[in-house]
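Laboratory data are not the source of any read-out in this text; all were calculated from the coordinates shown. Bear in mind the structure is a predicted one, so any value in this text is a computation, not a measurement. Counting neighbours? That spans all protein chains shown, and the Cβs are built from the backbone with ideal geometry, glycine included.
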Amino acid sequence: MTTTAPTGELDSFERTIAADQRIEPRDAMPEDYRRTLVRQIAQHAHSEIIGMQPEGAWLTSAPSLRRKAVLTAKVQDEAGHGIYLYSACETLGVDRADLTQMLVDGRQKYSSIFNYPASSYADVGTIGWLVDGAAICNQVPLCRTSYGPYARAMIRVCKEESFHQRQGYELLQTMMRGTDEQRAMVQESVDRWWWPSLMMFGPPDAESAHTARSMAWGIKRHTNDELRQKFVDMTVPQADALGVTLPDRSLAWDSATGHYRFGQPDWDELARVIKGDGPCNAERVARRRAAHEDGAWVREAAAAFAARGGRVG
Ligand code: FAQ
C-alpha cells in the first residue's frame, strides 16, 4: 500500500477506522484510501450533474405549472448535490476543474442509469420513484461513511432525495388514477427502468473490484448485493400499491429468508453501458462538454473579478 504519511501516523488512521470514528481532511491517510474516495466521490458528483439531463429535458413540456415548479426544484437540487460533492472531493486535494475535465474527456465515470433515455413524461415519475429510490438505499448508509466531509454532505443530499422519491411516486399515483392510456404509459416506463435501476448498485459482489477494500475502510457500509436486495424488498410493496407489474417473472416472497427472490439483470449490458456504449452515453457527455465550454466566459469573469480583489470597475 502506498501512503501519504509516516507509518506512526497511519497507526492513528487504523485506530480511527477500528473505532468507527471519522477521518477528517487534515488526518493522515493511506494514499489508496484517498484515491478510492476521490474516485467514488467524483463519480457520485458527476452522476448528480449528468443526472440533471434526462429529467431536465422535460422542463419545457411539464403538463402544469405545479409539475413544472416541482421538476425545476428537483433538477436544481441535483445541481446542488453535485456542488456539495465536488466540495467534499476538493478536501482530498483535488481541483473541481480537473475533475470536470476528466468527466468530459471520458477519464472518470458517472452512474450507468443516466445513459438511458427519458422518452415519456411518465419517466419523470419513474426516475423519481425508482432511480431516486435506489439512490436513497445506496446513500443513507453513506451518511455513516468513514470520511467526514463525504458523510456530512450525504445527510443533506439524502433529505432532498427523499422528497424526490415522493414526488415521483405521487406523479405516478396521479397517472394511475387517470386514463387507460396514462396507466399504460406508467407500466411501459416501469418496464424500461426496472432493470437499469437494479444495475445502479454495481456488479454482483463476486465481481466487484472495490467492495472488500472499501468495506474494510468503512467507505462502503454494505455490499452491492445487500443494497440491491434492500431496494427490491422496499420497492415490491410500493409497486403493488401503485398497481404496476415489475418486469421480473421470478419475483417472489421467500418466507424462509424474509426477502424477495428476484432475477439477475443483464450484467453484460451494465458492462457495455459503463464502457461508454449505452443508448445515451455520447449524447450525455457531449451535452456536458458543450455546457462546460459555454460557461468558460463566466469562469474567466469570476477569476478576473477575484484577481481584482472582488472590486467592480
Ligand atoms: N455505473 O467495485 P465496484 C443519483 C464501476 S446518484 C457506472 O462495485 P464501487 C442521484 C465502478 O465505478 C447515482 N459505473 O465499485 C440522482 C468501478 O469502476 P472503476 C450515483 C459503475 O465503487 C437521482 C467498477 O464498476 N451514486 O442517482 C456502476 O465499490 C435521479 C467496479 O465496481 C453514487 O455514485 C454503475 N452503476 O461500487 C440524480 C453513489 N457500478 O471506478 C439525478 C456512491 C459500478 O474501478 C436524478 N457510489 N461501477 O473504474 C457507490 O456507492 C459505489 O461507487 C457504487 C459502485 C456502488 C456505485
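What the table shows:
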read-out: Relative exposure of ILE23, ILE219, judged by other C-beta atoms within 10 Å (fewest first); value: ILE219, ILE23
read-out: Segment GLN173-ALA271, extension gain: residue separation times 0.36 nm, minus the distance between their alpha carbons; value: 32.0 nm
read-out: Helix-only mean residue ellipticity at 222 nm for the chain, each DSSP H run of n ≥ 4 adding -39500 (n - 2.57), per residue, nearest 500; value: -20000 deg cm²/dmol
read-out: Expected-Rg normalisation [2.2 N^0.38 Å, Cα atoms] applied to the range 48-114; value: 1.31
read-out: Residue of ALA296, ALA19, ALA135 that the Gaussian network model of the chain assigns the largest fluctuation, springs spanning Cα pairs under 10 Å; value: ALA296
read-out: Residue among PRO203, PRO237, PRO279 with the largest mean-square fluctuation in a Gaussian network model of the chain, springs linking Cα atoms under 10 Å; value: PRO237
read-out: Stokes-Einstein D for the range 1-132, Kirkwood Rh over Cα pairs, 4 °C, 1.567 mPa s (µm²/s); value: 77
read-out: Length added when fully stretched, ASP180-ILE83, from 0.36 nm per residue minus Cα-Cα; value: 30.8 nm
read-out: Cα-based Kirkwood hydrodynamic radius, the chain, one decimal, Å; value: 21.0
read-out: Span-rule helices in the chain, defined as complete DSSP H runs reaching 24 Å or more along the axis (Cα) with Kyte mean at least -1.0; value: 31-50, 65-90, 148-176, 180-199, 224-242
read-out: Stretch gain in nm, segment LYS159-HIS292, where the contour uses 0.36 nm per residue and the Cα spacing is subtracted; value: 45.1 nm
read-out: Calculated FRET efficiency for the pair ALA256/ASP27, C-beta based, R₀ 51 Å, to 0.05; value: 0.70
read-out: Gaussian network model of the chain, springs between alpha carbon atoms under 10 Å - residue of THR257, THR223, THR211 with greatest fluctuation; value: THR257
read-out: Computed over the range 84-218, the ratio Rg/Rh where both radii use C-alpha atoms and Rh is Kirkwood; value: 1.03
read-out: Within straight-line cross-link reach of LYS74, lysines at Cα separation under 24 Å, skipping those fewer than 8 residues along the same chain; value: LYS109, LYS159
read-out: Reachable lysines from LYS220, criterion Cα separation under 16 angstrom, eight or more residues apart if same chain; value: LYS230
read-out: Descending principal axes extents, the range 91-166, alpha-carbon based, whole Å; value: 41, 32, 14
read-out: Whole-angstrom gap from the range 98-152 to the range 210-286, using each part's C-alpha centre; value: 13
read-out: Of ASN138, MET200, THR174, farthest towards positive along the dipole that unit charges on Lys, Arg, Asp, Glu beta carbons give the range 116-237; value: ASN138
read-out: Residues with amide H under 5 Å from that of HIS259, placed H, sequence gap 5 or more; value: ASP254
read-out: Using a Förster distance of 22 Å, the FRET efficiency for ASP233-GLU207 (Cβ separation, nearest 0.05); value: 0.50
read-out: Equivalent ellipsoid dimensions for the range 255-313 as semi-axes, Å, which come from the Cα gyration tensor, largest first; value: 48, 19, 7
read-out: Extreme residue, positive dipole direction of the range 7-49, given options SER47, GLY8, ILE23 (C-beta unit charges); value: SER47
